[in-house]
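Here the structure is laid out as structure tokens; the discussion comes afterwards.
The values are calculated or read from the model by the stated rules, or taken from the named source; none is laboratory data. For clarity, every value in this text was computed on a predicted model and none was experimentally measured. Virtual Cβ from ideal backbone geometry, glycine too; neighbours counted across all protein chains shown. Heads up: the accessible areas ignore ligands, DNA and RNA and are worked out on the full protein's heavy atoms, side chains in. Shrake-Rupley method; radii C 1.70, N 1.55, O 1.52, S 1.80 Å.
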Protein chains: 2
Amino acid sequence: MQRRRFLKGAGITAGLATVALPSLAQDTPTVKWRMATNWPKSLDAMFGSADELCQRVSVLTGGKFEIRAFAGGDIVPPAQSLDAVGEGTVECNHVLASAYFGKNTAFAFDTGLPFGMNARQHNAWVQYGGGRALLEKLYGQYNIKPFICGNSAVQMGGWYRKEIKSLDDLKGLKMRVGGVGGMVMQKLGVLPQQIPTSDIYPSLEKGTIDAAEWIGPYDDEKLGLNKIASHYYAPGWWEGSASITSMVNAKAWADLPPLYQAAFECACNEQTLKMLAKYDASNPPALKKLIANGAKVAYFPRDVMDAAWKASNELFAELAGKNPDFKEIWGPWSSFRRDEVSWFRVAESALDNFTASVVGKEA
Amino acid sequence: MQRRRFLKGAGITAGLATVALPSLAQDTPTVKWRMATNWPKSLDAMFGSADELCQRVSVLTGGKFEIRAFAGGDIVPPAQSLDAVGEGTVECNHVLASAYFGKNTAFAFDTGLPFGMNARQHNAWVQYGGGRALLEKLYGQYNIKPFICGNSAVQMGGWYRKEIKSLDDLKGLKMRVGGVGGMVMQKLGVLPQQIPTSDIYPSLEKGTIDAAEWIGPYDDEKLGLNKIASHYYAPGWWEGSASITSMVNAKAWADLPPLYQAAFECACNEQTLKMLAKYDASNPPALKKLIANGAKVAYFPRDVMDAAWKASNELFAELAGKNPDFKEIWGPWSSFRRDEVSWFRVAESALDNFTASVVGKEA
């Protein structure tokens with residue numbers, strides 16, 4: 001019905017211009033969507049971004065296209081969110097696609113892989129590097145159209161009750177770590193544990209687990225893990241960056257007037273910029289606060305990083321061997337990453353590294 | 001007139017909801033703006049982004065708010081673009097604010113300073129770090145409201161006819177380099193030259209100048225400077241990133257309906273993401289092509305970087321002493337940069353650097 005109403009509007013416009021622009025005519029349809037996020041409202045950088053996205057779309061359509069963001073579990077259990085969008089139970093969601101790794105390992109490319117592209121490189125890949133077409137083909141199998149709508153950037157490597165001096169210290173460690181990172185950690189001797197967020201603190205406190213990864217300083221600070229597992233490691237190598245996706249039901253998308261599609265897409269791109277800016281602005285003061293409250297920040301030892309890199313490549317080869325979808329994206333993705341890394345070495349990282357070596361040491 | 005027409009529309013909407021949303025009513029005004037860019041159309045990443053911005057705004061307003069982007073010099077000489085916007089001769093422009101450094105040195109903060117924040121840090125500062133309020137206060141003196149609408153990221157350090165082995169090799173060098181970078185280079189013994197883009201190639205070929213900086217691989221490749229000055233240095237330390245600004249006449253902005261304001265702002269944020277993604281995707285293949293055609297890529301020697309850092313800080317102290325606007329922004333800007341650099345050292349750069357040390361060396 002929405003589709004028919006729009007087509008009528010488009011017909012009117014078509015008489016006015018050779019390029020058929022969507023019309024602001026009074027018969028623009030009222031559309032109401034629900035967005036199932038995977039975030040509690042306390043994750044305000046993520047839930048807040050979903051909410052801002054919905055508000056922007058509303059303003060851009062004069063209140064005619066209303067999307068309401070729901071907290072994780074309020075309307076759909078997080079594990080079923082992809083299916084709910086594909087089946088049209090909800091029109092869209094706001095998630096880390098890697099949560100659906102169990103359904104198709106290739107979804108990891110949409111979020112980020114161990115030692116994968118950083119936030120800028122990932123956006124470049126999706127927007128101008130052929131990534132969008134590959135991801136749309138993957139999601140097409142599930143009647144879904146994906147949109148990047150945020151990024152938390154590189155996260156931290158988690159909280160540990162004991163210092164990690166070398167790779168040996170990881171062996172036998174019970175750690176709350178999921179997804180692809182958990183699979184790599186397992187190859188390093190860690191025993192990955194699946195524990196809901198609310199149980200992280202008590203589990204670490206009791207010693208049921210020895211370590212836990214969550215997000216980065218801004219979100220981690222709220223959990224207070226520094227009080228019970230003070231060793232805070234960097235970097236969170238299991239994702240080069242963590243890109244957030246809004247999956248949209250393909251039919252619901254096709255039914256939207258072009259103006260509403262443009263509003264949604266533009267608002268998603270805006271939030272990709274803004275969520276990253278929010279994390280980049282919020283992490284530094286949170287890290288200072290954590291350090292003031294006992295967090296001992298350190299880098300993973302080099303042997304851990306080297307072993308994780310080796311184990312990640314083994315895992316990718318296994319996944320490519322088992323899943324044609326993974327294999328199809330792996331080739332062009334790796335090639336794009338190699339070129340990006342080569343270029344970032346030349347200008348971007350060279351200047352970042354020099355600046356890091358002098359800023360704060362001014363006379 | 002536009003303002004009155006909108007207010008009438010807003011009044012109608014106000015009866016329908018407690019929150020006054022802009023209306024998609026049929027009486028939304030037709031608004032036509034001109035955007036004076038400072039780019040030739042051949043700089044397609046920059047001019048193309050301005051054009052995409054205008055097209056997005058048009059689609060988001062059903063063709064009612066039309067902005068037309070003009071190539072540099074077509075309607076306003078680039079040097080007069082800021083004045084033209086402030087006086088309302090054109091409604092908006094699309095420029096590097098540092099071009100107006102001669103009018104007020106504090107405009108450099110809007111584009112980027114030597115050893116300043118990278119693209120992500122700059123966006124974080126403007127969006128969530130207090131930067132927007134400071135910049136809006138600065139621009140308010142000129143009846144202008146500024147919007148970030150793109151970024152070229154870290155650029156290259158230019159093309160040199162001879163190898164730069166140490167700081168001594170810069171002394172007496174005639175180099176095409178402008179703005180703040182030129183002032184720092186002058187402190188290092190370089191003789192900065194102001195030369196229009198079209199004269200760079202012949203001037204380098206004839207030896208009228210010894211070196212020239214332009215942008216980065218993607219744009220530089222079109223000029224063909226590798227054929228006559230093959231030493232290509234990195235990084236372009238004179239801007240931590242080069243942020244693009246659309247300056248909007250304050251009255252023209254205030255006269256816009258909120259929906260049109262939202263469309264413009266959302267499209268600017270989208271282009272900030274997309275221009276950066278476009279450069280990040282386009283620079284790597286262009287750099288390969290340049291190298292294949294004789295470019296010798298190298299880093300500036302450490303003594304050049306150290307001297308440039310020292311000279312930059314001297315310059316900043318001089319500028320802060322002379323210009324209260326510069327001084328007002330310098331304090332909070334430096335403090336934000338220090339915190340960002342500290343945080344990027346922990347996670348972002350640590351992972352970038354590790355990845356750079358292993359990618360491309362897989363078995």
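Points worth noting:
- Matching option when the condition is over 27 Å from residue A:127 (Cβ atoms), facing chain B (nearest Cβ under 9 Å) and among the basic types (Lys, Arg), among A:274, A:296, A:288: A:288
- Check on residue B:226, of a type in the set (S, T, N, Q), facing another protein chain (nearest Cβ under 8 Å) and either in contact with a strand residue (DSSP E or B) (Cβ under 7 Å, 6 or more places away or on another chain) or open to solvent by less than 20 Å² (accessible area, probe 1.4 Å) (or both): no
- In this structure, residue A:183 does satisfy being open to solvent by 30 Å² or more (accessible area, probe 1.4 Å) and under 21 Å from the mean Cα position of the chain (by Cα).
- Just one of the listed residues (A:244, A:215) is in contact (Cβ under 8 Å) with a residue 24 or more places away in the chain, open to solvent by less than 10 Å² (accessible area, probe 1.4 Å), within 14 Å of another protein chain (Cβ to nearest Cβ) and among the β-branched types (Val, Ile, Thr), namely A:244.
- Looking only at region B:186-212, and only at residues there that are open to solvent by less than 20 Å² (accessible area, probe 1.4 Å) and among the small types (Gly, Ala, Ser), the one that is farthest from residue B:167 (Cα to Cα): B:203
- Output for region B:120-133, where each listed residue is hydrophobic (A, V, I, L, M, F, W, C) and surrounded by 21 or more Cβ atoms within 10 Å (Cβ to Cβ): B:124, B:125, B:126
- Within region B:227-246, tally of residues that are modelled with pLDDT of 95 or more, outside any loop (DSSP other than H, G, I, E, B) and within 21 Å of residue B:162 (Cβ to Cβ): 4
- Residue list for region A:247-258, restricted to those being open to solvent by 10 Å² or more (accessible area, probe 1.4 Å) and more than 10 Å from every other protein chain (Cβ to nearest Cβ): A:249, A:250, A:251, A:252, A:253, A:254, A:255
- When restricted to residues that are within 19 Å of residue A:112 (Cβ to Cβ) and among the polar types (S, T, N, Q), region A:160-185 contains 0.
- Of all residues in region A:201-226 being over 22 Å from residue A:279 (Cα atoms) and part of a helix (DSSP H, G or I), the one that is nearest to the chain's Cα centre (by Cα): A:201
- Summed over region B:343-363, the residues that are open to solvent by less than 50 Å² (accessible area, probe 1.4 Å) and either assigned to a helix (DSSP H, G or I) or more than 9 Å from every other protein chain (Cβ to nearest Cβ) (or both) give a count of 13.
- When residue B:327 is tested against (1) facing another protein chain (nearest Cβ under 7 Å); (2) closer than 30 Å to residue B:141 by Cβ; (3) open to solvent by 20 Å² or more (accessible area, probe 1.4 Å), exactly one condition is not met: (1).
- Contact map, region B:37-61: first residue of a type in the set (Phe, Trp, Tyr), second residue part of a loop (DSSP other than H, G, I, E, B) and open to solvent by 40 Å² or more (accessible area, probe 1.4 Å), Cβ cut-off under 9 Å, separation 6 or more or different chains; pairs are B:47/B:40; B:47/B:41.
- Test for residue B:337: is it in contact (Cβ under 8 Å) with a residue 12 or more places away in the chain, under 30 Å from residue A:237 (Cβ atoms), within 12 Å of another protein chain (Cβ to nearest Cβ) and basic (Lys, Arg): yes
- Of everything listed in (1) more than 10 Å from chain A (Cβ to nearest Cβ); (2) within 21 Å of residue B:111 (Cα to Cα); (3) free of Cβ contacts under 8 Å to residues at least 24 places away in the same chain, the single unmet condition for residue B:315 is (3).
- Qualifying residue in region B:285-296 (condition: touching a Pro at 6+ places or on another chain (Cβ under 8 Å), within 27 Å of residue A:236 (Cα to Cα) and not β-branched (Val, Ile, Thr)): no
- When the strands (runs of 3 or more DSSP E) confined to region A:25-109 are screened for residues that are surrounded by fewer than 21 Cβ atoms within 10 Å (Cβ to Cβ), those reaching at least 1 such residues are found at A:31-37, A:65-70.
- Condition check for residue A:78: on the phi < 0 side of the Ramachandran plot and more than 14 Å from every other protein chain (Cβ to nearest Cβ): yes
- Enumeration of residues in region B:306-340 that are in contact with a Ser or Thr (Cβ under 6 Å, 6 or more places away or on another chain) and either at pLDDT below 95 or part of a helix (DSSP H, G or I) (or both): B:319, B:326
- For region A:285-305, taking the residues that are in a helix (DSSP H, G or I) and touching a residue at least 60 places away in the same chain (Cβ under 8 Å), the one that is surrounded by the most Cβ atoms within 10 Å (Cβ to Cβ) is identified as A:287.
- Within region A:165-179, the set of residues being assigned to a loop (DSSP other than H, G, I, E, B) and surrounded by fewer than 20 Cβ atoms within 10 Å (Cβ to Cβ) comprises A:165, A:166, A:171, A:172, A:178.
- Failed condition for residue A:199, given (1) under 30 Å from residue A:91 (Cα atoms); (2) modelled with pLDDT under 95; (3) more than 14 Å from chain B (Cβ to nearest Cβ): (1)
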